[in-house]
Amino acid sequence: MRKEYYGIVLVIAAMWLVFLVNEVLPIDVNQWGLNPRSFSGIVGIPLMPFLHANLAHLVGNTIPLIVLLFLLISSRSDGWLITGSLVVLGGIMLWIFGRSALHIGASGLVFGLSSFLIVVGIRERRLIPIAIAILVVLMYGGTMLTGIIPKLRSDVSWDGHLCGLLAGGLLGCWFAKPRID
C-alpha cells in the first residue's frame, strides 16, 4: 500500500477520535467550529472538518471522504497539498461570506474534493481524470446540486457546502495540467 493512503486512515481516525472524545468527556469540542467573521472563529478553519454534531453527521461525511480522498490520492502526487488547500481556502471563504452560525463537519471538504476532481477531469482531458470526474458526478452530482441550496433547517451548512464547492473549482483550475493538443 502506498504511504499516502495512510493519511486517509489518519484523517478519518482523527475525525472519529474527536467525536468519541466529545461524546465521553465533558468537553464541548464544537466550540472550536468556524464562526464567520469572529476572531475566535478563525481556529475553526482548519478544525471544522474534524468536528461533527452527531453520529449520522460523522458517518455521512466519512464514507464520501474516504472515496474522494482515495480517488484524489490515487490520481495525483500533490493530493495532500490539494486537500490542505481546500480546507484553508474553503474555510476562509466561509469565514468571510458565511451566515452567522457555528459551522462544523467535513462536508465542505467533501464538496471541495468533488468539484476539484470534476474540474480537473474537464481541464486535463486525459483518460484517468475524465473517468474520475464521471464517477464523481455519478456518485455525488445530485448531492452537490441539492447541497448548495439554502435550507430551511439552520443546522445544515449549505453555505459551507457552497464555499467548499467554489474552492474546489478554483483549485481545480489552478492545479490542473491542461492537455495541449
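Read-outs throughout are calculated quantities, based only on the coordinates presented, and are distinct from any laboratory measurement. From a predicted model like this one, the values you see are computed outputs, not experimental measurements. For neighbour counting, all protein chains shown are included, and Cβ atoms are generated from backbone atoms with ideal geometry for every residue, glycine included.
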Next item on the list: Compute the convex hull volume of the Cα atoms of the chain, divide it by the residue count, and report the result per residue in Å³ as a whole number.
Entry: 114
Next item on the list: For the stretch 3-36 and the stretch 78-109, write down the distance between their C-alpha centroids in whole Å.
Entry: 15
Margin query: Net charge around D159, counting only other residues with Cβ within less than 12 Å of its Cβ (Lys, Arg = +1; Asp, Glu = -1)?
Written below: +2
Margin query: Using the Cα centre of the stretch 3-175 as the reference point, and only Cβ charges (+1 on K/R, -1 on D/E), how large is the resulting charge dipole? Debye, rounded to the nearest 20.
Written below: 400
Item checked: Percent breakdown of C-alpha pair distances by 10 Å bin, ordered from the shortest bin, for the stretch 1-68 -> 20, 45, 29, 6, 0
Note to self: Tell me the angle of helix 127-147 to the major Cα principal axis of the chain, expressed in degrees between 0 and 90 and rounded to the nearest ten.
What the structure shows: 30
Notebook entry, point to check: Where Lys and Arg each count +1 and Asp and Glu each count -1, what net charge lies around L72 among other residues with Cβ under 11 Å from its Cβ?
Noted result: -1
